[in-house]
Ligand SMILES: Nc1ncnc2c1ncn2[C@@H]1O[C@H](COP(=O)(O)OP(=O)(O)OP(=O)(O)O)[C@@H](O)[C@H]1O
Ligand SMILES: O=C(O)C1=C[C@@H](O)[C@@H](O)[C@H](O)C1
Ligand SMILES: [Mg+2]
């Protein structure tokens, strides 16, 4: 695969926003490389698009350019202002945004909006289910550069939706401060909820529970169990589409899927964009069976593997071995708490008590929530707090290590000793079970590792 897509001649480049090259740009680039397309040069541009974008577009150095979405509107404006050097596709003209440029035989550039193409494909696929054909787009308040870019994106989305016959309303949500301002009346019962904001994605900011109308369950905050009063209310859509590529799945997305509402994540859209970029550069489609496997691998590589289960079931032991085999970073939540507090786990319990430990445990989990590719061994009680479950679920897949109670280690495990393993199991088994994406019956260490690795082979 790698040879097939090798691109020795650096004729293709990725124009990345210098300040964010380590996150948004790096993500798309790593997806492109995961498909086996190598040799993509990175051109770092200033936060002020006027500073370097025009020079890059006017130079004839590259046969193809993929742009960070940050520059999409500036690039479209540049092309419109320089008709002798390039043109916009109909779609890009409609959205007013360009994220891909290809050089034609006569040396001019054609600018297209690939993200928009992918979104339109998704909407067309789901169109039969959109009965009232109305959409609500969530955007951030215009407080930062990133928010301004997102609002531009929202304008593009509206144009595309209009072209598909879908009426839209914008709703500004502020994930940092509770409460919603409504610059325009929202559609009464939108079919489609398009989340172009960080709302529901930034678990680290959001301390307020997020709610959906007509829904008792909500996204929990801290130790608060879901309830239906207060918080930010959103209508229940027939389809949720999100544009932020991180986390892998937002709170909104998890909640939508839990209730059987089709939902497309920003991460999935970004992987599809990486594939579309390569196809555009190569001028041919990638074979479906090959890219389906690669797309699955990209997801598996990005996802944290979160080991859950009773104290002493083997989460730490198995986690360490998994990390070695998969060449991934290993993190043990108990170990992280001990490091943060500066005392061994048992001493924290003895000197500070369980409530203190649980606070520190949530703090530790919060630092892991938006990381990717980790093997995380939780503590036996890490899944008790709803907020911990929500945080670990943003980028993680839960594997429940189920080991016969008689075999569970209890040494140095004060809670298991104090409450008794059987009573603990009765209380926790329903939580592990409802959370688990996979349940592994623990046998020998080796066999257990092999069972988990089966999926990654
Ligand atoms: N599959 C297994 N077969 C036999 N022994 C095992 C197995 N898995 C773990 N062990 C042993 O069980 C003990 C407990 O394992 P470990 O510390 O990994 O559990 P844990 O789930 O991380 O516990 P805690 O919730 O307290 O962090 C260790 O002595 C380990 O060597
Ligand atoms: O089962 C539990 O509640 C605990 C298990 C350990 O891993 C530690 O996280 C702590 O001792 C609590
Ligand atoms: Mg452990």
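The values are calculated or read from the model by the stated rules, or taken from the named source; none is laboratory data. Computed from a predicted model, the values in this text were never measured in an experiment. Positions of Cβ are backbone-derived with ideal geometry, glycine not excepted, and every protein chain shown enters the neighbour counts.
Things worth noting here:
- Out of 436, 422, sole residue that is over 35 Å from the mean Cα position of the chain (by Cα) and either within 24 Å of residue 327 (Cα to Cα) or assigned by TED's automatic domain parsing to the domain that holds residue 362 (or both): 422
- Out of 111, 64, 52, 105, one residue alone is under 30 Å from residue 297 (Cβ atoms) and modelled with pLDDT of 90 or more. It is 64.
- Hits in segment 329-348 - residues which are more than 9 Å from ligand 1 (Cβ to nearest atom) and surrounded by 17 or more Cβ atoms within 10 Å (Cβ to Cβ): 330, 331, 336, 337, 338, 341, 348
- Considered as a group, the residues in segment 429-442 that are farther than 30 Å from residue 350 by Cβ and free of Cβ contacts under 8 Å to residues at least 40 places away in the same chain include one that is farthest from ligand 1 (Cβ to nearest atom), and that residue is 434.
- Members of segment 364-401 found to be over 20 Å from residue 433 (Cβ atoms) and assigned to a strand (DSSP E or B), listed by number: 374, 375
- Qualifying residue in segment 332-353 (condition: more than 14 Å from ligand 2 (Cβ to nearest atom), touching a helix residue (DSSP H, G or I) at 6+ places or on another chain (Cβ under 9 Å) and not assigned by TED's automatic domain parsing to the domain that holds residue 248): no
- In segment 250-267, residue surrounded by the fewest Cβ atoms within 10 Å (Cβ to Cβ) [restricted to those that are touching a residue at least 24 places away in the same chain (Cβ under 8 Å) and in contact with a helix residue (DSSP H, G or I) (Cβ under 8 Å, 6 or more places away or on another chain)]: 262
- Among the residues of segment 311-325, those that are touching a strand residue (DSSP E or B) at 6+ places or on another chain (Cβ under 7 Å) and crowded, with 17+ Cβ neighbours inside 10 Å comprise 313, 314, 315, 316, 318, 319, 322, 323.
- Counting only helices (runs of 4 or more DSSP H) that sit completely within segment 263-331, those holding 1 or more residues that are within 17 Å of the chain's Cα centre (by Cα) correspond to 266-282, 288-302.
- Taking the conditions (1) without any contact (Cβ under 8 Å) to a residue 60 or more places away in the chain; (2) under 15 Å from the mean Cα position of the chain (by Cα); (3) farther than 30 Å from residue 101 by Cα in turn, residue 341 satisfies each one other than (2).
- Residues in segment 440-455 that are touching a strand residue (DSSP E or B) at 6+ places or on another chain (Cβ under 9 Å) and loosely packed, with under 14 Cβ neighbours inside 10 Å were compared, and the one that is farthest from residue 258 (Cα to Cα) is 441.
- Residue check for residue 410: surrounded by fewer than 21 Cβ atoms within 10 Å (Cβ to Cβ), away from ligand 3 (no atom under 16 Å from the Cβ) and assigned by TED's automatic domain parsing to the domain that holds residue 308: no
- The set of residues in segment 402-428 being out of contact with any helix residue (DSSP H, G or I) (no Cβ under 6 Å at 6 or more places or on another chain), within 10 Å of ligand 1 (Cβ to nearest atom) and not in a helix (DSSP H, G or I) consists of 403, 409, 411, 413.
- Selection within segment 349-363: residues that are loosely packed, with under 13 Cβ neighbours inside 10 Å and part of a helix (DSSP H, G or I). The member of this set that is nearest to ligand 1 (Cβ to nearest atom) is 350.
- Here the helices (runs of 4 or more DSSP H) wholly within segment 19-126 that include at least 1 residues being within 19 Å of residue 285 (Cβ to Cβ) are 26-34, 90-95, 114-126.
- Residue list for segment 299-310, restricted to those being crowded, with 19+ Cβ neighbours inside 10 Å and at pLDDT below 95: 302
- Condition met for residue 398 (in the same structural domain as residue 452 (by TED's automatic domain parsing), away from ligand 1 (no atom under 11 Å from the Cβ) and surrounded by 18 or more Cβ atoms within 10 Å (Cβ to Cβ)): yes
- When residue 391 is tested against the conditions (1) more than 16 Å from ligand 3 (Cβ to nearest atom); (2) within 29 Å of residue 258 (Cα to Cα); (3) surrounded by fewer than 20 Cβ atoms within 10 Å (Cβ to Cβ), the lone failure is (3).
- Filter pass, residue 135 being surrounded by 14 or more Cβ atoms within 10 Å (Cβ to Cβ), in contact with a strand residue (DSSP E or B) (Cβ under 9 Å, 6 or more places away or on another chain) and at pLDDT 80 or above: yes
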